[in-house]
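Report on the following structure.
The values are calculated or read from the model by the stated rules, or taken from the named source; none is laboratory data. Source: prediction; values computed, not measured. Please note: Cβ atoms are built from the backbone with ideal geometry, for glycine as well, and neighbour counts cover all protein chains shown.
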């Protein structure tokens with residue numbers, strides 16, 4: 001797909017819902033939502049290029065193209081999209097490029113769009129760490145980052161997160177130029193004709209909560225919601241609350257389609 005083989009899963013029935021994960025994660029982050037929503041929606045989730053078991057180098061500037069190509073391959077005329085963290089940029093890029101194909105957007109923990117990189121994630125320092133000490137040194141440090149801290153004590157959820165970080169190949173850190181973020185500050189958000197729900201965990205970083213508020217102010221049809229007792233990974237911290245919010249918002253805005 002666009003020069004890379006991407007792993008995806010397609011399960012459930014109902015209106016199509018495309019789930020897009022964040023940096024260093026993969027499609028298995030959505031396991032709790034699949035269990036909760038598979039009888040309501042057709043759930044499509046992918047490993048973004050260079051993540052999980054997809055090949056290629058991570059290329060955030062190409063993620064929106066990959067989402068469109070996946071929808072073409074599956075003959076999906078119209079989808080709702082959930083984008084988490086870096087995946088929120090991909091979801092927005094896809095919606096801006098093809099608004100007629102997106103029925104609703106849920107943007108979870110989005111980074112600031114004014115910058116072309118994420119100031120909370122020191123990629124240059126991580127790349128230097130990988131060069132000096134290898135990928136496992138980065139994985140250990142990243143697992144301690146505030147963005148990766150879970151509030152839940154559920155051992156299965158904690159094991160899931162640890163396994164995803166352990167799977168992350170880190171090729172963008174080995175080849176830093178390949179992982180450069182594409183420009184997202186130029187997206188024409190003020191005229192995007194797609195309803196959006198912007199989510200933040202109660203204990204997410206202040207900069208992320210501020211970015212969510214700024215994004216909601218730019219979109220013409222946006223709602224804000226804060227998920228209690230959750231950090232940057234609310235779908236894992238409080239999966240029942242998260243899935244309920246997704247179900248309610250998407251049901252309001254997605255027609256009952258089988259494709």
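Values as computed for the structure displayed
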read-out: Contacts under 8 angstrom Cβ, first residue in the stretch 217-228 being free of Cβ contacts under 8 Å to residues at least 24 places away in the same chain, partner crowded, with 17+ Cβ neighbours inside 10 Å and part of a loop (DSSP other than H, G, I, E, B), 6 or more apart; value: none
read-out: Complete set of residues in the stretch 18-28 that are closer than 24 Å to residue 61 by Cβ and either in contact (Cβ under 8 Å) with a residue 40 or more places away in the chain or out of contact with any strand residue (DSSP E or B) (no Cβ under 9 Å at 6 or more places or on another chain) (or both); value: 18, 19, 20, 21, 22, 23, 24, 25, 26
read-out: Members of the stretch 131-147 that are farther than 17 Å from residue 159 by Cα and assigned to a loop (DSSP other than H, G, I, E, B); value: 134
read-out: Candidates 224, 245, 199, 173 - the one that is more than 28 Å from residue 135 (Cβ to Cβ) and either at pLDDT below 95 or in a helix (DSSP H, G or I) (or both); value: 245
read-out: Residue in the stretch 45-56 that is at pLDDT 95 or above, under 19 Å from residue 194 (Cβ atoms) and either in contact with a helix residue (DSSP H, G or I) (Cβ under 9 Å, 6 or more places away or on another chain) or surrounded by 17 or more Cβ atoms within 10 Å (Cβ to Cβ) (or both) present; value: no
read-out: Filtered residues of the stretch 202-221 (kept if surrounded by 15 or more Cβ atoms within 10 Å (Cβ to Cβ) and in a loop (DSSP other than H, G, I, E, B)); value: 202, 203, 204, 205, 219
read-out: Exclusive hit being farther than 16 Å from residue 254 by Cβ and either assigned to a helix (DSSP H, G or I) or in contact with a strand residue (DSSP E or B) (Cβ under 9 Å, 6 or more places away or on another chain) (or both), set 95, 112, 128; value: 128
read-out: Qualifying positions in the stretch 95-117 - buried (at least 21 other Cβ atoms within 10 Å of the Cβ) and more than 23 Å from residue 247 (Cα to Cα); value: 111
read-out: Any hit, the stretch 122-137, residues being closer than 23 Å to residue 242 by Cα and buried (at least 17 other Cβ atoms within 10 Å of the Cβ); value: no
read-out: Residue match in the stretch 74-94 (condition: farther than 20 Å from residue 246 by Cβ and buried (at least 24 other Cβ atoms within 10 Å of the Cβ)); value: no
